[in-house]
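The values are calculated or read from the model by the stated rules, or taken from the named source; none is laboratory data. The model shown is predicted, which means the values in this text are computed figures rather than measured ones. Heads up, the Cβs are rebuilt from the backbone with ideal geometry, glycines too, and the neighbour counts pull from every protein chain shown. Ligands, DNA and RNA are excluded from the accessible area calculation, which covers all protein heavy atoms including side chains. Shrake-Rupley method; radii C 1.70, N 1.55, O 1.52, S 1.80 Å.
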Amino acid sequence: VVFGVRGGVWLLVTCVLAAWLNIVLRENDVSLKTTVHLQSMTSMLKKQAEKGQLTLAVRWRKMSVTTCQKMKAGFTLGFALCCLFSAGVSGDSFTVLQAPEFVSFQKGDWPVSGEKVPDVVALTMGFSVQEDLMWPGLQAGPLFQRPRANVLVVVRGIDSLSLPQTVASYPLENPVPFTLDGVAETVHSLFSEYTPVVLQLAPSEERLYMLGKANAVFEDLPVTLQQIRARLSQDGSVLTSLPLNSLSRNSEADLLFLSEVQVLHDITALLQRHRHLAKDFSPDLYSLELSGLEELSRLYGNDSPQYRDATAILASVLQKFGEDMYRLYGNRAVVEVVTVKTFEAPLTRKSRSILESKQISNPGSPYNLAYKYNFQYAVIFNIVLWLMIALALAVIVVSYNLWNMDPGYDSIIYRMTNQKIRMD
């Protein structure tokens, strides 16, 4: 079982305690055997004088064994508690709800770093990344098959959700904030002629980014909190179909959570009206961030009935949302869910260069610094290199054949180099 970094520290501490306790138990067993052996020997020589001392020694050793047994039981209980605490400390997860057959996610407990989630999304869509992803959870798939869409839902405020049907689930390490801006730029640059659908939405922060055909499809999608709350009072609202139980329609935190659920429902409803967009050539990208559970946890607590009811509602809604998106794209969509209790601030290190920053940033510096090349430099270099080699070989072959070509009886112009020109 993978516990994460902090869980590994606790596991190391418990292993050290186990080794120490094993040594103590062995020493007590040896001391007990030695004392009993001395008692049997000295009882034959000194029956009366040493009887009390030997009895006291044996009783002390028996008390030591009893004490060691209590220590062993206490250590076992402490070890179990440490394991449970370690498992609960790092419970953030990266779950794959839906995936086509040609995108092979391997089941296992391999942890994935939070900063590598955009690379996983890019690789599932068939795009290249700047650095190789050394993660065995995703295997290489067919070259000419790629999913039509990738949907990533980030849920803040909970470690993991009880989703009934999933493809695979992995522990999430180092949960730092991340975005899919790089993947969106790649989709836009490679398929700009086909205008793919790119949607990035965070309702709680009123943050929206739409690109391509998303402007036409999600034109009526409520994005601000005021628009979403107004949508809750209209026809087709989720308030009429969801069991609210302890959730209230008058609480701001409850309305924020229900607004995010309404956004998920409206996205699938709008896509059903534009089914033709799910069948085009360009892949689509969706990135949604939900923080309603985080507000409920801060207001009511993790043990409150409001938090438990909201967790159950969100699990069922996400399961249905994943199935609907997967079906709309003809079973060729990847749906992932990232659950994180809270995002950690990324660790940054300040460094100082040997050269002065003024000279580095100055394009006319005397150091003649080269320009920064991107990840496509290797591709361009190979294209130019082998094209020049092919052209050079072609020039050599053509020149050789022209030099040794026999004109025959074609024309007198080709025989002007001869000293004696035959006159016809």
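When the residues of the range 173-207 are filtered to those that are modelled with pLDDT under 85 and open to solvent by 40 Å² or more (accessible area, probe 1.4 Å), which remaining residue is farthest from TRP110 (Cα to Cα)? My answer is GLU193.
Number of residues in the range 198-224 that are out of contact with any Leu (no Cβ under 6 Å at 6 or more places or on another chain) and assigned to a strand (DSSP E or B) equals 7. For LEU270, the conditions (1) among the aliphatic types (A, V, I, L, M); (2) touching a helix residue (DSSP H, G or I) at 6+ places or on another chain (Cβ under 8 Å); (3) surrounded by fewer than 17 Cβ atoms within 10 Å (Cβ to Cβ); (4) over 25 Å from TYR326 (Cβ atoms) are fulfilled apart from (4).
GLN145 meets all of the listed conditions (1) over 21 Å from LYS107 (Cα atoms); (2) more than 19 Å from the chain's Cα centre (by Cα); (3) surrounded by fewer than 12 Cβ atoms within 10 Å (Cβ to Cβ) but one, namely (3). With respect to the conditions (1) modelled with pLDDT of 90 or more; (2) closer than 25 Å to GLY91 by Cα; (3) open to solvent by 40 Å² or more (accessible area, probe 1.4 Å); (4) not aromatic (Phe, Trp, Tyr), SER160 lacks only one, and its number is (1). On the stretch given as the range 324-346, residues that are surrounded by fewer than 18 Cβ atoms within 10 Å (Cβ to Cβ) and in a loop (DSSP other than H, G, I, E, B) total 7. Among all positions in the range 108-115, there is at least one residue which is over 21 Å from MET325 (Cα atoms), within 11 Å of the chain's Cα centre (by Cα) and part of a loop (DSSP other than H, G, I, E, B).
Yes/no per residue for (1) closer than 18 Å to LEU318 by Cα; (2) polar (S, T, N, Q):
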residue	(1), (2)
LEU123	no, no
ASN150	yes, yes
VAL167	yes, no
LEU172	no, no
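Contact map, the range 140-157: first residue assigned to a strand (DSSP E or B), second residue open to solvent by less than 10 Å² (accessible area, probe 1.4 Å) and charged (D, E, K, R), Cβ cut-off under 9 Å, separation 6 or more or different chains; pairs are ALA149/ASP284; ASN150/ASP284; ASN150/GLU336; VAL151/ASP284; VAL151/GLU336; LEU152/GLU336; VAL153/GLU336.
For the range 216-231, a residue qualifies if it is within 17 Å of LEU288 (Cα to Cα) and open to solvent by less than 80 Å² (accessible area, probe 1.4 Å), and the qualifying residues are VAL217, PHE218, LEU221, PRO222, VAL223, THR224, LEU225, ILE228. Filtered by the rule that a residue be among the small types (Gly, Ala, Ser), open to solvent by 20 Å² or more (accessible area, probe 1.4 Å) and closer than 14 Å to LEU296 by Cα, the range 241-267 gives SER246, SER248, SER251. Scanning the range 287-323 for residues that are under 22 Å from PHE218 (Cα atoms), open to solvent by 30 Å² or more (accessible area, probe 1.4 Å) and not in a helix (DSSP H, G or I) yields a count of 1. Applying a threshold of 6 Å to beta carbon distances and a minimum spacing of six or more residues, or different chains, the list of pairs starting in the range 297-319 at a residue that is touching a residue at least 60 places away in the same chain (Cβ under 8 Å) and over 24 Å from VAL334 (Cβ atoms) and ending at one that is part of a helix (DSSP H, G or I) and open to solvent by 70 Å² or more (accessible area, probe 1.4 Å) reads GLN306/TYR300. Within the range 213-225, residues that are farther than 19 Å from HIS188 by Cα have Cβ atoms under 7 Å from residues that are assigned to a loop (DSSP other than H, G, I, E, B) in these pairs: VAL223/GLU206; THR224/GLU206; LEU225/GLU206, counting only partners at least 6 apart in sequence or on another chain.
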